[in-house]
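Read the structure below first, then the notes.
Computed from the coordinates by the stated procedures, all read-outs in this text should not be read as laboratory data. The model shown is predicted, which means the values in this text are computed figures rather than measured ones. Heads up, the Cβs are rebuilt from the backbone with ideal geometry, glycines too, and the neighbour counts pull from every protein chain shown.
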Amino acid sequence: MQVSLDAKTAVVTGAASGIGWAVANALAQAGAAVVVADVNQEGGEQAVARIVEQRGIASFQRADVQQVADVRRLMRSAAERYGSVDILVNNAGLQHVAPIVEFPEERWNRLIGTMLTGAFLCTKYAMPTMMERQWGRIINIDSIHGKVASPFKAAYVSAKFGILGLTRVTALEGASYGITANAICPSYVRTPLVEKQIASQAKIHGIAEDEVIERIMLADAPIKRILEPAEIGDLAVFLCGESASGITGSDICIDCGWTAH
């Protein structure tokens, strides 16, 4: 089933690489004009260039989603440039692996600020234009760690559990305005964020780096593989289509069977 997003505008946060870029590219190839938002200006501009090379419509806006002024500027500029904000994908995220008793407070604040507060702020300032147009799609890139916990990831797991709550509240408040809100919960995806975890996981668990994927990352998944970013992008496009207009408040797992236990 082909989804057409012609005449729609999407804002994707954390879209300079990884899942964010894959989602932004998928939305652009489906016809949406995409605003790539990221703190990494060079990476964001490169991401836009790659989308444009594939004949997509895209532009870059530097934004730190923890900052109210940045988020307001992001939504305002997207609406001014393309006429609306129809789709919001809250993807910006980062990771820090450490035991709770050693977890730096600054890192806790940054992770919660980026992933949970950032998603709240983007939702808050994107929803008014969606409400005016009586149509909107809000997709929160959550994680399997929004449904199950792992040790040494206190901030990440806490933020991702919070995202599910935010998703459900958004779905309830947006329903009468034609706005749906859903969370995508993937298991490990082949991204720079995951690749950076391998050394940290090896150190904490006292194993070699080449054992981390099999013994830690894939241990609970019946299908023993890491997901590709494009798989998340394809699911996001489907959730933006009219065939998904009755799906809201859902946490959709793409987890190689992890939660089937």
message: How charged is the neighbourhood of GLY249? Take every other residue with its Cβ under 11 Å from the Cβ of GLY249, and add Lys/Arg as +1 and Asp/Glu as -1.
response: -1
task: Would you grab the residues whose amide H sits under 5 Å from the one on ALA58? Only those 5+ places off in sequence or on another chain, please, with H modelled 1.01 Å from N.
output: VAL34
field: GLY136 long-range amide H proximity, modeled H, under 5 Å
entry: ILE179, THR180
query: Picking from GLU102, GLU45, GLU242, which is most flexible by a Gaussian network model of the chain using Cα springs under 10 Å?
result: GLU102
field: Among ILE232, ILE19, ILE207, residue whose mean-square fluctuation peaks in a GNM of the chain (springs only between Cα atoms under 10 Å)
entry: ILE207
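Give me the number: length gained by fully extending SER150 to ARG225, i.e. 0.36 nm times residue separation minus the C-alpha to C-alpha distance, one decimal in nm. Please report the intermediate quantities before stating the final value.
Values: separation 75, 0.36 × 75 = 27.00 nm, distance 1.83 nm.
Computed gain between SER150 and ARG225 is 25.2 nm.
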- prompt: In deg cm²/dmol, rounded to 500, what helix-only [θ] at 222 nm does the chain give when every DSSP H run of at least 4 residues adds -39500 (n - 2.57) and the total is split over its residues?
  reply: -14000 deg cm²/dmol
Label point at ARG110 placed 7 Å out along Cα→Cβ; residues across segment 160-200 whose backbone nitrogen lies under 19 Å: 160, 192-200
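Once the piece of chain linking GLU80 and ILE198 is laid out straight, how much longer is it, given 0.36 nm per residue of separation minus the C-alpha distance between them? Don't jump to the answer; show the numbers that get you there.
Numbers: separation 118, 0.36 × 118 = 42.48 nm, distance 4.16 nm.
Once the chain is fully extended between GLU80 and ILE198, it gains 38.3 nm.
Which value, in debye to the nearest 20, gives the size of the charge dipole of the chain about its Cα centre, when Lys and Arg are +1 and Asp and Glu are -1 at the Cβ? It would help to have the intermediate numbers written out before the result.
Numbers: 23 positive and 27 negative charges, 81 e Å.
Dipole about the Cα centre, nearest 20: 400 debye.
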- line: Here, segment 1-82 modelled as identical Cα point scatterers in vacuum has Debye log10 I(q)/I(0) at q = 0.13, 0.14, 0.16, 0.19 Å⁻¹ of -0.34, -0.39, -0.51, -0.72
field: Of LYS8/LYS153; LYS124/LYS147; LYS8/LYS196; LYS8/LYS147; LYS160/LYS196, those spanning more than 26 Å from alpha-carbon to alpha-carbon
entry: LYS8/LYS153; LYS8/LYS196; LYS8/LYS147
message: Full-extension gain between GLN2 and GLN46, please, as 0.36 nm times their residue separation minus the C-alpha to C-alpha distance.
response: 13.1 nm
